[in-house]
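Presented below is the structure to which this report refers.
The values are calculated or read from the model by the stated rules, or taken from the named source; none is laboratory data. Note that the structure is a prediction, hence the values are computed from the model and not measured. Cβ placement follows ideal geometry from the backbone for every residue including glycine, while neighbour counts extend to all protein chains displayed. Calculation scope for accessible area: heavy atoms of the full protein, side chains included, ligands and nucleic acids excluded. Shrake-Rupley method; radii C 1.70, N 1.55, O 1.52, S 1.80 Å.
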Amino acid sequence: MGSLTTDEVDFMSLAEETKEVIIYVNGIRKLLPDGLAHMTLLEYLRDIGLTGTKLGCGEGGCGACTVMVSHYDQLSKRSVHYAVNACLAPLYSVEGMHIVTVEGIGNHRQGLHPVQESLARSHGSQCGFCTPGFVMSMYALLRANQTQPSEEQIEECIAGNLCRCTGYRPIIDAFRVFAKTDDALYTTVSSEIPPGGEFICPSSGKPCSCGSKIMNDNITSKENTTCTNGHAPVSYSEVDGSSYSEKELIFPPELLLRKLTPLKLTGSGGLKWYRPLRLQHVLDLKSLYPDAKLVVGNSEVGIEMRMKRIQYQVLISVAHVPELNCVNVNDNGLLIGGAVKLTELQNFLKKVVAERASHETSSCRALIEQIKWFAGKQIKNVASVGGNICTASPISDLNPLWMAVGAKFQIIDCRGKTRTTMAKNFFLGYRKVDLANREILLSVLLPWNKPFEFVKEFKQAHRREDDIAIVNAGMRVALEENGGIWVVSDASIAYGGVAPVSLSASSTENFLVGKSWDLDLLKGGVVELEKDILLKENTPGGMVEFRNSLTKSFFFKFFLWVSHQMNGKQYFPENLCLPHISAIQCSSKSSPAGSQNYEIVKHGTAVGSPEIHLSAKLQVTGEAEYVDDTPMPPNGLHAALVLSGKPHARIVSVDDSGAKSSPGFVGLFLYKDVPGGNDIGPVVYDEELFASQFVTCVGQVIGVVVADTHENAKLAAWKVHVEYEELPSVLSIKDALKANSFHPNTERCMSKGDVDLCFQSGDLDRVIEGEVYVGGQEHFYLETNSSLVWTMDGGNEVHMISSTQAPQKHQKYVCHVLGLPMAKVVCKTKRIGGGFGGKETRSAMIAAAAAVPSYLLNRPVKLTLDRDVDMMISGQRHSFLGKYKVGFTNEGKLLALDLEIYNNGGNSLDLSLAVLERAMFHSDNVYEVPNIRVTGRVCFTNIPSNTAFRGFGGPQGLLIAENWIQRIAVELKRSPEEIREINFQREGSVLHYGQELQHCTLAPLWDELKYSCDFWKARSKVDQFNSQNRWKKRGVAMVPTKFGISFTLKFMNQAGALVQVYTDGTVLVTHGGVEMGQGLHTKVAQVAASSFNIPLSSVPNASPTAASASSDMYGAAVLDACEQIKARMEPIASTGKHNSFAELCLICYMERVDLSAHGFYITPDIDFDWKTGKGNPFSYFTYGAAFAEVEIDTLTGDFHTRMADIILDLGHSLNPAIDIGQIEGAFIQGLGWVALEELKWGDADHKWVRPGFLYTCGPGSYKIPSANDIPLNFNVSLLKGHPNVKAIHSSKAVGEPPFFLASSVFFAIKDAIGAARAEAGYNEWFPLDNPATPERIRMACIDDFTKAFAGLDYRAKLSV
């Protein structure tokens, strides 16, 4: 291995040649063979069975693949530890290092690590797929720190990790216990056990004494609890019972003694991998391979090779070249090696800032701040300065700063000759730099700043944390006093995100030099900027008006910031920035805090208790298995889909010749190969498994390729060439309305009263009409769709393991496409890594596609979608258009509503009609409207079929309702909260579909929230703040919700369960629900434990969901089965001859008592007739309300949620800890929908995207909330004293109702925008579509900077 031929460079002598390529994994030595240069560390780890490290996105954007890397640093003479994204790290890049995965720090047999234990007990894991990544990020921080980490460091360490389930609060709480204030806590060992009877906090998993009040009676025990999650230091011993230092894997002694050697290795496709150890080696290699790519962190090259299929033949790892990894201080400034990692640079800059004079380090401080928001910690730990520079991304955060600070780039060629170029001259065009093939970037010189020289960084992204910029900038100005006037002696302004290259605003720079620093300079500079930067319509990236306005906003902020720095200097104008100081004031950002307030009502041993998730300990250790973790059976194959590249076209031909010559190719299967029926669909068969003649969306499946590896299957599928004849396409609801394009038989109507008569009468004082556009949302479950299919009994039976919410649908689809009876097809689902509705129907197509080659070849086939493919083909939350006409009195009383709603169904019906129907059911929210008519239709468009998503259309209908409520308030100049209150439905109200409200808890719930958040005081404080701050505004809102619980299809409201009692007293429960993080298995096990009056640990619930009603139905079915068994046991139990439940079970067995029972439950009293539009579609309603306070930056559109206060009526909760987690998770997911997550399709409003393509198909472009986006004060309460008579143990469903409550943030944002507009003299109502992204917020805040680009009626483009 690694031998060098004589015709190659001789920089590695045979004496230096590598004898062994080794790594250590969890303390175990591993010898790596040659030929794996193409492989990532993640692929290797999973191939050797360490599947706790997950593949979430493949681009370093989600953190699910986080591991810790340790190596011995020769300079500092110590072991260094840091977190990395294993999905991007080339396997050979960690040669000679120690890799620690989640399996290496603890497991449920030998004991959990304190980090794992704390996370499990704090309810910080729901679906569990992201959990190992969070654990390893925190673990790496603890190992890396010489002292205890701060809370800020803890939050920064998880910035690169995403979670879709929990809402982050319990994760932050779990890790916050490690933010020590006393080093002694790290080694103090305590064996104290909390005394019995103390309440265990649902957030921290520790005893909580704040406000407990216990009341017991014969049947239940009640407990009122408020958990405030204080910041008191907690030692490791409290969660583990042993010291920190005793639990860790040591750094392998062999690696301490081992000398690094150069590497020359190979990979598939002729790939060569070199690891030189001296600069001359690098130059020699560059001479031999001019097109070779230099890599350090592989964060760009890895994505290019994997995602963009760019094939580089030679990779040179320069991470160990000393000349490229040094940072030196000299009289001229800092000399930074090209391979220096960003984290190392950040730490060194902080050291320099602390040691040097303040005026010298303005550039350093700007770089520190920009690196902070550059990316997640895992990326910054490996990404290099030179890599970021030479990639020349037009949205690089650092390149505009290098240009602005006057940095010089030192370049060296293969002969050792160096030259220097200014950073501002280095970037030549899109991804083109002033670097010849045989040159490399050696170092960067960052000059010291002079007195009165100021440097400032700027960045605006969709999301503050771990996000690429929309626009960024670096600005520098040097001032000098000249005759009592401060004038500009030098200036440099550079922007990113406004051109194909980082751009110097040269005209503006020239204008500034020689001018006095005053308001005239500001005005003139803004005018000059328009000459330098003006984006045109349909520019790639879109948002041209927003991006143009940001260039001016940044310059305005820079002017104010410099003026503030100069304030008080002699001759400098006083208070130049005082009226606008809020533009540069940092919003106060503290660590998130909150409380969880609820009443515990226990039934028996377990029901009502805040138990942790039954799988939590398996999830925090990485032992919980998901589909892709299942070992491939012998002779197994991997599958990849051949997808349409056109939105609407006729298939002319399919050429598989390229695929056949691809390595590892086994076969391509098309529609003609399907053994059974090719037509599929959950309700109507209007889809094809494999497109036969026509494709009706980009991403439609044309065929499936199978090969020996996942990568080979993808490569072969990519080589299948499909020729099309393009046809006209419909790409939005607007297009559908113009083309009259609707799915057949989807017209729906429901009404109450006489709407037309009311509008014609004189009862109405006012009538308003308008349109509401409601954006879609990607599910972004962390585990993508995956199925493993194999045949049994000679191919006569088909078995599969699938990531699905509906195993029965997988069974149904597979038996249909294979032509087999259902009894011959078995689908198993243990757990799934998130679903949210996205795996209810669309996942069945994946299983069916894999089943065809598995059945025909009689070989196991695994099909796991990559993140971008999953997002592109599996459908999203429906976008909606609502057209309303509302009549009301001057007092705000609603009298009439005429509403038309349309949803974007996509290219097949799927569940779109049911989604539309639920939106219509919820279109009144909680408001009494005497005369109401709601009509709806499902639009047919040429995008992938949209599908179920948490709320199932309810949130869209509710959001439309709250829009017209808010508009009425503006029309009447009253608070929206007042309008809401005077129109509340009451007990006995008859809804527009004929159902009468019973047990309505809206009024007490609303009053309690109003009291707890002190709404009018909060309103007053916000008004006061807004009057004192021109460029920062705050807003508040209180929003109620009413969510109907039941499937709207009657036959789906049934559930079965099988309960088996064993002779040792343990109980096995099998039910039809699926555990996807919502705690269903845990709740069901609690029901069984309480029924038999045994501990929860005796119910190892093992077997397996959609709609929030799962706990209601499956819990009731389990209870039915338990009661049957108890009745059979009663004659023997009544004799009292047993001392334990186990003894009773054994006696019953000996007496031949049947200890197995099948339970069944149907939801009673529900029915609905669409012919009449009347009935009782819901068993009951879950009520809730939320208060939110936000603060926005009117110049950039940035916002943060200062407070969220939520209250929900859940009756008597089966498990309040799990329910609190569901509420917080739903709220943060809803926050993403209303404020962050925007789908961008190639439609008429986004012509820079290819027609029909989804632009936002990965974490790089689609932004779900991160830990930084949760409310700073996050309070959740459950309404007390209102049991639900309609469900098991008086509980209520929780999964979907809280989602819509995040709209309180949306309307608080709109309230803040209204304050900004009012200050500019605009008091009229204005539209705001969701999501309220920075673009929409900023452009709605009209000021002089936006007027140049957008009028008063400007409405940002939205794909609906």
message = Contact list please: Cβ distance under 8 Å, first residue in segment 746-765 and among the hydroxyl-bearing types (Ser, Thr, Tyr), second residue modelled with pLDDT under 95 and open to solvent by less than 50 Å² (accessible area, probe 1.4 Å), pairs at least six apart or on different chains.
response = Ser751/Gly1173
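Being outside any strand (DSSP E or B) and out of contact with any Ser or Thr (no Cβ under 9 Å at 6 or more places or on another chain) is the filter; apply it to segment 879-913 and report the residue that is least open to solvent (accessible area, probe 1.4 Å). Break it down stepwise before answering.
Restricting attention to segment 879-913, the residues satisfying the condition of being outside any strand (DSSP E or B) are 879, 889-893, 907-913.
In the following step, the residues that additionally are out of contact with any Ser or Thr (no Cβ under 9 Å at 6 or more places or on another chain) were identified as 889-893.
Numbers: Thr889: 19, Asn890: 77, Glu891: 113, Gly892: 0, Lys893: 91 Å².
Going through the qualifying residues, I end up with Gly892.
Looking only at segment 1108-1161, filter to residues that are part of a helix (DSSP H, G or I) and among the hydroxyl-bearing types (Ser, Thr, Tyr); which one of those is modelled with the lowest pLDDT? It would help to see each step written out before you state the result.
Step one: filter segment 1108-1161 for residues part of a helix (DSSP H, G or I), giving 1110-1133, 1141-1150.
This time we only want the ones that are among the hydroxyl-bearing types (Ser, Thr, Tyr), so: 1110-1111, 1114, 1149.
Details: Ser1110: 66, Ser1111: 76, Tyr1114: 85, Tyr1149: 95.
It comes out as Ser1110.
Given the criterion in contact with a helix residue (DSSP H, G or I) (Cβ under 8 Å, 6 or more places away or on another chain) and surrounded by 22 or more Cβ atoms within 10 Å (Cβ to Cβ), identify the matching residue among Ala407, Ala392.
Ala407
What strands (runs of 3 or more DSSP E) lie completely within segment 764-813 and have 1 or more residues being farther than 24 Å from Thr709 by Cα and open to solvent by less than 10 Å² (accessible area, probe 1.4 Å)?
Numbers: elements: 766-774, 786-792, 797-802.
Per the criteria, 766-774.
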request  = Return the total of residues in segment 680-696 being charged (D, E, K, R), closer than 17 Å to Leu643 by Cα and surrounded by fewer than 21 Cβ atoms within 10 Å (Cβ to Cβ).
outcome  = 1
request  = Working carefully through the options Gly658, Gly699, Gly667, Gly703, find the one that is modelled with pLDDT of 95 or more, surrounded by fewer than 18 Cβ atoms within 10 Å (Cβ to Cβ) and closer than 30 Å to Asn635 by Cα.
outcome  = Gly658
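Quick grid of which residues meet (1) in a helix (DSSP H, G or I); (2) open to solvent by 30 Å² or more (accessible area, probe 1.4 Å):
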| site | (1), (2) |
| --- | --- |
| Ile316 | no, no |
| Ala319 | no, no |
| Val329 | no, yes |
| Ala339 | no, no |
| Gln346 | yes, no |
| Leu349 | yes, no |
message = Here is a list: Gly267, Gly302. Which entry is closer than 25 Å to Ser662 by Cβ and at pLDDT 90 or above?
response = Gly267
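Can you tell which of Ala606, Ala624, Ala659 is within 30 Å of Trp718 (Cβ to Cβ) and of a type in the set (A, V, I, L, M)? Spell out how you get there, then give the answer.
Values: Ala606 fails: within 30 Å of Trp718 (Cβ to Cβ); Ala624 fails: within 30 Å of Trp718 (Cβ to Cβ).
One residue alone meets the criteria, Ala659.
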message = Quick check on my filter: what residues within segment 1254-1273 are crowded, with 21+ Cβ neighbours inside 10 Å, of a type outside the set (Ser, Thr, Tyr) and part of a loop (DSSP other than H, G, I, E, B)?
response = Cys1257, Gly1258, Pro1259, Lys1263, Ile1264, Pro1265, Ile1270, Pro1271
note = A careful count of residues in segment 1126-1138 that are closer than 19 Å to Ser1098 by Cα and under 51 Å from the mean Cα position of the chain (by Cα) gives 2
inquiry  = On the basis of being touching a Ser or Thr at 6+ places or on another chain (Cβ under 9 Å) and open to solvent by 10 Å² or more (accessible area, probe 1.4 Å), does Leu445 make the cut?
reply    = yes
query = Inside segment 914-944, can you point out the residues that are over 22 Å from Phe1178 (Cα atoms) and outside any strand (DSSP E or B)?
reply = Thr941, Asn942, Ile943, Pro944
message = Could you check segment 1148-1183 and list, in sequence order, the residues that are open to solvent by 20 Å² or more (accessible area, probe 1.4 Å), among the β-branched types (Val, Ile, Thr) and over 21 Å from Gly1056 (Cα atoms)?
response = Val1153, Thr1172
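Pull up segment 496-537, narrow it to residues that are among the hydroxyl-bearing types (Ser, Thr, Tyr) and closer than 28 Å to Glu481 by Cα, then point me to the one that is surrounded by the fewest Cβ atoms within 10 Å (Cβ to Cβ).
Narrowing segment 496-537 to residues among the hydroxyl-bearing types (Ser, Thr, Tyr): 502, 504, 506-508, 516.
Still in the list and also closer than 28 Å to Glu481 by Cα: 504, 506-508, 516.
Details: Ser504: 22, Ser506: 15, Ser507: 17, Thr508: 24, Ser516: 13.
So the residue we want is Ser516.
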note = All-but-one check, Gly1044 against (1) open to solvent by 10 Å² or more (accessible area, probe 1.4 Å); (2) over 30 Å from His1200 (Cβ atoms), failing number (1)
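Identify all residues within segment 1060-1092 that are more than 31 Å from the chain's Cα centre (by Cα), aliphatic (A, V, I, L, M) and either within 28 Å of Phe129 (Cα to Cα) or outside any strand (DSSP E or B) (or both); write none if there are none. Before the answer, list the steps.
Step one: filter segment 1060-1092 for residues more than 31 Å from the chain's Cα centre (by Cα), giving 1060-1070, 1087-1092.
Of the ones still in play, those that are also aliphatic (A, V, I, L, M) are 1061, 1067-1069, 1087-1089.
Within segment 1060-1092, Val1067, Leu1068, Val1069, Val1087, Ala1088, Ala1089 meet the criteria.
Being closer than 18 Å to Gly833 by Cβ and either more than 18 Å from the chain's Cα centre (by Cα) or part of a helix (DSSP H, G or I) (or both) is the requirement here; does Gly124 meet it? Step through it out loud before you land on a result.
Values: closer than 18 Å to Gly833 by Cβ: yes; either more than 18 Å from the chain's Cα centre (by Cα) or part of a helix (DSSP H, G or I) (or both): no.
Answer is no for this residue.
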task = Scan segment 946-975 residue by residue and report those that are of a type in the set (Phe, Trp, Tyr) and touching a helix residue (DSSP H, G or I) at 6+ places or on another chain (Cβ under 9 Å).
result = Phe949, Phe952
message = Just the residues that are assigned to a loop (DSSP other than H, G, I, E, B) and of a type outside the set (A, V, I, L, M, F, W, C), please, taken from segment 1213-1228.
response = Ser1213, Asn1215
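Would you point out the residue of segment 817-828, among those that are in contact with a helix residue (DSSP H, G or I) (Cβ under 8 Å, 6 or more places away or on another chain) and not in a strand (DSSP E or B), that is nearest to His1071 (Cα to Cα)?
Of all residues in segment 817-828, those in contact with a helix residue (DSSP H, G or I) (Cβ under 8 Å, 6 or more places away or on another chain) come to 817-818, 820-822, 824-828.
Still in the running and not in a strand (DSSP E or B): 817-818, 820-822, 824.
Values: Val817: 27, Leu818: 27, Leu820: 25, Pro821: 22, Met822: 19, Lys824: 20 Å.
Residue satisfying both the conditions and the ranking: Met822.
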inquiry  = If I filter segment 1241-1253 down to residues being more than 16 Å from Glu537 (Cα to Cα), assigned to a loop (DSSP other than H, G, I, E, B) and out of contact with any Cys (no Cβ under 9 Å at 6 or more places or on another chain), which single residue comes out as least open to solvent (accessible area, probe 1.4 Å)?
reply    = Phe1253
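Counting only residues that are assigned to a helix (DSSP H, G or I) and touching a Leu at 6+ places or on another chain (Cβ under 8 Å), which one in segment 366-376 is surrounded by the fewest Cβ atoms within 10 Å (Cβ to Cβ)?
Step one: filter segment 366-376 for residues assigned to a helix (DSSP H, G or I), giving 366-372.
Those still in the list that are touching a Leu at 6+ places or on another chain (Cβ under 8 Å) too: 366-368, 370-371.
Working: Ala366: 23, Leu367: 30, Ile368: 19, Gln370: 22, Ile371: 22.
Restricting to residues being assigned to a helix (DSSP H, G or I) and touching a Leu at 6+ places or on another chain (Cβ under 8 Å), the top hit is Ile368.
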remark   = Counting only residues that are part of a loop (DSSP other than H, G, I, E, B) and open to solvent by 20 Å² or more (accessible area, probe 1.4 Å), segment 415-442 contains a total of 10
note = Output for Cβ contacts, cut-off 9 Å, separation at least six or different chains, first residue more than 12 Å from Ile22 (Cα to Cα) and at pLDDT below 90 in segment 245-260, second of a type in the set (Asp, Glu) and surrounded by 10 or more Cβ atoms within 10 Å (Cβ to Cβ), reads Lys247/Asp240
message = I'd like the full set of residues that are in contact with a Gly (Cβ under 8 Å, 6 or more places away or on another chain), open to solvent by less than 10 Å² (accessible area, probe 1.4 Å) and not in a strand (DSSP E or B), limited to segment 1184-1212.
response = Asp1209
inquiry  = I'm told Phe1168 meets every condition in (1) part of a strand (DSSP E or B); (2) out of contact with any Gly (no Cβ under 8 Å at 6 or more places or on another chain); (3) not hydroxyl-bearing (Ser, Thr, Tyr) except one. Can you identify the failing condition by its number?
reply    = (2)
remark   = Checked segment 280-314 for anything assigned to a helix (DSSP H, G or I), open to solvent by 20 Å² or more (accessible area, probe 1.4 Å) and of a type in the set (A, V, I, L, M, F, W, C); matches are Leu288, Ile303, Met305
